[in-house]
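Peer 1: This is the structure, below, for whatever I ask next.
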Amino acid sequence: MSAESKPGMKLWLKLLLAGSLALNLAVIGLAAGAVWRFSDKDKHWKRPPPVGALIFKELEPGTRMALRQEAGGTHGSYVKRRRAESEAVLKTLRSEEFDAGALLMLLQGQSDARHAFHTKVQKAWVQKLEGMTPAQRAELADRLEERMQHRGGGWRGGKHN
């Protein structure tokens, strides 16, 4: 058979090849982006962790667990409570008859609960600090500063008292 008499590639096969090429390029782009983002170079773009997270990590494990359980309320856990809060907002948004006042009250209640949790964490942390010597507090300050600057393994790593 000569080159002129061969039938052309079927349209579905062309589309399949084009789709495969696009998918491969997307995967390569995602992989390259992940390598660039999570490489050790150019760490300056990372934000330091919130101070509240640093404070919470400095509490004793039993204290953290008790605070989380208390924050969970009737939902049983903090995570379940947060999920229920999100679902309540979505339910309100999808309601046929939108009630802006009810949504505001719902959001305010969620904000109040988060504020109460943060206040309890802060009080527990300050109570812990009251029992420390000036040298221990200075060491703590150094450790927190280190984590805020993302040196020494970030805020999840390092030593905890």
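Peer 1: Highest first, please rank the peptides 78-90, 123-135 by the mean number of other Cβ atoms sitting within 10 Å of their residues.
Peer 2: Descending packing order for the listed peptides: 78-90, 123-135.
Peer 1: Per-residue HN-Hα couplings for the stretch 101-107, Karplus 6.51 cos²θ - 1.76 cosθ + 1.60 at θ = phi - 60°, whole Hz, x for Gly and Pro?
Peer 2: After applying 6.51 cos²θ - 1.76 cosθ + 1.60, I find x, 5, 5, 4, 5, 4, 5 Hz.
Peer 1: Got the relative contact order for the stretch 50-148 handy, in percent, Cα pairs under 8 Å and 6 or more residues apart?
Peer 2: Rounded, it is 31 percent for the stretch 50-148.
Peer 1: Using just the alpha carbons, could you tell me how many Å³ per residue the convex hull of the stretch 50-148 encloses?
Peer 2: 108
Peer 1: Right, next: I'd like to compare 113-121, 9-17: which one has the highest average count of other Cβ atoms within 10 Å, and what's the full order after that?
Peer 2: 113-121, 9-17
Bear in mind these aren't lab numbers, they're just calculated from the coordinates by the rules spelled out. Only a predicted model underlies this, so the values are computations on that prediction, with no experimental measurement involved. Glycine also receives a Cβ, built like all others from the backbone with ideal geometry; neighbour counts cover every protein chain displayed.
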